Amino acid sequence: MGRHARSVVVLAKLNKKQKALAEKIWERYRGATDALIGIKRGLHITGRVERAFLRAMQEAFAYHYLRSPEFQRLCADQDFYPWDLRRQDQLPRIPYFFVTCLKYHEVKSVPDEDVALTLKSSGTGGQTSAIYLDLTSLRRIKRVVRHIYGDLDMVNDIRTNYLCFTYDPEVAKDVGTAFSDKLLTGLTRVNHVCYAIVWDEEKNDWHLNVSRVAQALERFESSGRPFRVLGFPAHTWSVLGQIVKERGRNFRFGPRSCVITGGGWKNFDDQQIDPRIFREKVGRWLGIPASNVRDLYGMVEHGVPYCECENHRMHVPIYSRVYVRDPITLEVLPPGAEGLLHFITPYHHSYPAVSLLTTDRGRLHESCRCGRRSPVLELLGRAGVKKHKGCAIAALKVGVGK
């Protein structure tokens, strides 16, 4: 029996009252998610935005309840249904998937033929998280990313050169980090992109080509165009430091250029550099202001990016909400308390991870001196004694070649 057919059978087993209630809610709030995503101030949460977010989550909650057997079971297990969600303070009660379960279970809310892109977070341990994006989800996440970075003054129409410390997406079409960098290069007009991690046909493996990066940096500096570095901080630190040392002098890219790192240090924790030192040295090497060296947090299963502002604080955008839960009781904790991070977002259309509990630790702060009206997310690392290895670690372990 096909996946879509199985969903239809399960839906038929819902009692008529449950199905009618969910359908009524979905029809009532249909279009609310796209209305929320149409708001361009991505980091400006107001009362109007809060109401728009609640309506969007009511739509998404009912939509996935009607279409995902796995999500229906979560709702039954946690005894919370779409018709129970009426107020903003109830948003944390939306039944959540634990992020690790997506490594073992395939969940979709659309038939297979509607899936336009499958993204994987594949690790060295053999387990793979996969998410399935249809055209609606792809359209939505592109708008979300553009609006968030627009509020950080990082979107323009200037032709820009890019150095990406990740896999070439033309080869690694289904890798989450490659897809993320592809989205970020779309924030400007693209002049040229150099992907540092390339496929070696002879060795049948990926490797980080330092000489290719050095040559690209020379060309990019000579062009006089704005320049952006995207990718893992460990690569940014080690490769740029090596190139500048061998070159004997710093580059001069200027204030229109920037660095956006993401993915953390993973299995390079013992080499992790203090963020302030990292920003100052990388900025000096490239000849750009240290304030233009930003970090971001994201995961392929959730999709929404959390990027630093000019004060180097990560903001929660209007298109998602973050809650901090006690790792033992799973109770929602107040701002300033440390716990497990729980993310919700309504933009997913093709799979039901609208509510996701992660293995990451963090805390929330209510404001930032930059003036943007959104909470600040502070990351504190991984929970537990065993690391959950993903595509970031796989990329960090690729061989380095000249």
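So the values come out like this:
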{"item": "Residues being farther than 16 Å from His64 by Cα, open to solvent by 20 Å² or more (accessible area, probe 1.4 Å) and modelled with pLDDT under 90 - total across the range 106-122", "result": "4"}
{"item": "Count of the range 305-334 residues which are outside any strand (DSSP E or B), within 22 Å of Val49 (Cα to Cα) and of a type outside the set (Lys, Arg)", "result": "8"}
{"item": "Count - residues of the range 298-341 that are open to solvent by 30 Å² or more (accessible area, probe 1.4 Å) and among the charged types (D, E, K, R)", "result": "5"}
{"item": "Close pairs from the range 16-45: first of a type outside the set (A, V, I, L, M), partner modelled with pLDDT of 95 or more and open to solvent by 30 Å² or more (accessible area, probe 1.4 Å), Cβ under 6 Å, at least 6 apart", "result": "Tyr29/Arg55"}
{"item": "Thr100 vs. criteria within 20 Å of the chain's Cα centre (by Cα) and open to solvent by 40 Å² or more (accessible area, probe 1.4 Å)", "result": "no"}
{"item": "Pairs with Cβ under 9 Å, 6+ apart, first in the range 192-211 and farther than 25 Å from Thr160 by Cα and open to solvent by 20 Å² or more (accessible area, probe 1.4 Å), second among the hydroxyl-bearing types (Ser, Thr, Tyr) and modelled with pLDDT under 85", "result": "Trp206/Tyr167"}
{"item": "Any hit, the range 64-80, residues being open to solvent by 10 Å² or more (accessible area, probe 1.4 Å) and on the phi > 0 side of the Ramachandran plot", "result": "yes"}
{"item": "Test: Val376 is of a type outside the set (D, E, K, R), buried (at least 20 other Cβ atoms within 10 Å of the Cβ), at pLDDT below 95 and over 23 Å from Gln90 (Cβ atoms)", "result": "no"}
{"item": "Exclusive hit being more than 30 Å from Thr118 (Cβ to Cβ) and open to solvent by 10 Å² or more (accessible area, probe 1.4 Å), set Gly262, Gly224", "result": "Gly224"}
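The values are calculated or read from the model by the stated rules, or taken from the named source; none is laboratory data. Worth saying up front: this structure is predicted, and the values here are computed from it rather than measured. Methodologically, a virtual Cβ is constructed for each residue, glycine included, from the backbone with ideal geometry; neighbour enumeration extends over all protein chains shown. Each accessible area value is taken on the protein alone, full model and side chains, heavy atoms only, with ligands, DNA and RNA left out. Shrake-Rupley method; radii C 1.70, N 1.55, O 1.52, S 1.80 Å.
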